[in-house]
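K.L.:
Pasting a structure here, questions to come.
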Amino acid sequence: GTPDGPFWNEAPDRLSDIFILIGLGYGAGQPELGLLAAALAVLTAYIRELGRANGAGNDFAGPLAKPQRMALATGAALLQAAVYIIGQDWPVLVWALWVMVLGTGLTVLHRAWRQVRQLKQRR
C-alpha cells in the first residue's frame with residue numbers, strides 16, 4: 001500500500017525469474033535455453049504491466065504464468081535430482097525448459113491478444 005510498493009512487488013520477481021531460469025539453463029547444459037525462458041518470463045510481466053498502464057488492468061492469465069513456471073522449475077529440479085540418484089541421465093531440465101519456453105511464449109501471445117482486444121473495445 002505504500003507509494004513504492006509496486007516496485008518492491010515486481011522487481012524482485014523479475015530478478016528471481018532471471019536467476020532461476022538462467023540457472024536451470026546452465027544446469028541443463030543449455031544456457032541459451034535458460035536465457036530464452038528468462039526473456040519470455042520477463043516479457044509476460046512487461047505485457048501485464050503495459051496493460052495495466054494502458055488501463056486494461058492486470059492480466060495474470062495464460063497457460064504458464066509465474067506460479068506455473070516456478071512449480072515447473074521446482075518439479076523439474078527435484079525430478080532431475082532423482083533421475084541422477086537412480087543413475088539415469090535423462091535430460092529432465094532440458095525438457096522442462098522447452099515446455100517453459102513454449103508455454104511462456106503462449107502466455108505472452110495470450111495476454112497480448114487479450115490486451116489488444118480489450119483496448120480496441122474501449123473505443
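K.L.:
Working only within region 58-100, note down all residues that are touching a residue at least 24 places away in the same chain (Cβ under 8 Å) and surrounded by fewer than 20 Cβ atoms within 10 Å (Cβ to Cβ).
P.N.:
First pass over region 58-100, keeping only residues touching a residue at least 24 places away in the same chain (Cβ under 8 Å): 59, 61-66, 68-70, 72-73, 76-77, 80, 91, 93-94, 96-100.
Within region 58-100, Ala61, Pro63, Lys66, Gln68, Met70, Leu72, Ala77, Pro91, Val94, Trp98, Val99 qualify.
K.L.:
Restricting to region 24-35, name every residue that is open to solvent by 20 Å² or more (accessible area, probe 1.4 Å), under 16 Å from the mean Cα position of the chain (by Cα) and touching a residue at least 40 places away in the same chain (Cβ under 8 Å).
P.N.:
Hit for region 24-35 is Leu24, nothing else.
Here is a yes/no grid of residues against (1) over 13 Å from the mean Cα position of the chain (by Cα); (2) farther than 30 Å from Arg123 by Cα; (3) in a helix (DSSP H, G or I):
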site	(1), (2), (3)
Ile22	no, yes, yes
Ala37	no, yes, yes
Tyr46	no, no, yes
Gly51	yes, no, yes
Ala73	no, yes, yes
Leu78	yes, yes, yes
Gln88	yes, yes, no
Met100	no, yes, yes
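The values are calculated or read from the model by the stated rules, or taken from the named source; none is laboratory data. Because the structure is a prediction, the values reported are computed rather than measured. Neighbour counts run over all protein chains shown; Cβ positions are idealised from the backbone, glycine included. The accessibility values were calculated without ligands, DNA or RNA, using every heavy atom of the protein model including side chains. Shrake-Rupley method; radii C 1.70, N 1.55, O 1.52, S 1.80 Å.
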